[in-house]
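See below for the structure under consideration.
The values are calculated or read from the model by the stated rules, or taken from the named source; none is laboratory data. Fair warning: this is a prediction, and the values are worked out from it, not measured in the lab. When we count neighbours, we look across all protein chains shown, and the Cβ atoms used for this are built from the backbone with ideal geometry, even at glycine.
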Amino acid sequence: MGLDIRIPIGLMFAAIGIVLVLAGFVIDEAAYQRSLGLNVNLIWGSVLVAFGVVMLLLGFRGGPTVRPTEESIEGKKIEELERLRGLEAEAED
């Protein structure tokens with residue numbers, strides 16, 4: 001379970017952004033008269049590509065966030081509570 005959700009999200013946004021950027025370059029400027037002459041495909045495609053790249057960078061940079069129970073503060077508290085309530089046998093050292 002080492003897949004970070006930011007990687008597929010980043011790929012999806014980057015791919016859609018690239019399609020919009022390409023459409024912004026290819027589509028005739030007359031199509032943008034309804035949007036006050038703004039090339040919205042190029043603008044929002046660039047935003048999506050930037051967001052996708054940021055998500056990919058964060059996904060590849062980040063490490064696993066799940067730690068074993070013995071190493072986390074919360075896990076130690078839960079283990080202690082389970083021992084006190086009799087839900088878990090005493091740990092044998």
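Filter segment 1-33 down to the residues that are among the charged types (D, E, K, R) and within 30 Å of PRO68 (Cβ to Cβ), then identify the one that is modelled with the lowest pLDDT.
Restricting to residues being among the charged types (D, E, K, R) and within 30 Å of PRO68 (Cβ to Cβ), the top hit is ASP4.
For residues that are of a type in the set (A, V, I, L, M) and at pLDDT below 80, tally how many sit in segment 34-93. Reasoning before the result, please.
So the first thing to find is which residues in segment 34-93 are of a type in the set (A, V, I, L, M), and the list is 36, 38, 40, 42-43, 47-50, 53-58, 66, 73, 78, 81, 84, 87, 89, 91.
Now restrict to residues that are at pLDDT below 80: 66, 87, 89, 91.
Number of matching residues: 4.
Residues in segment 25-63 that are more than 25 Å from the chain's Cα centre (by Cα) and surrounded by 15 or more Cβ atoms within 10 Å (Cβ to Cβ): how many?
Within segment 25-63, the subset more than 25 Å from the chain's Cα centre (by Cα) is 25-39.
From what's left, surrounded by 15 or more Cβ atoms within 10 Å (Cβ to Cβ): 32, 39.
Here the count works out to 2.
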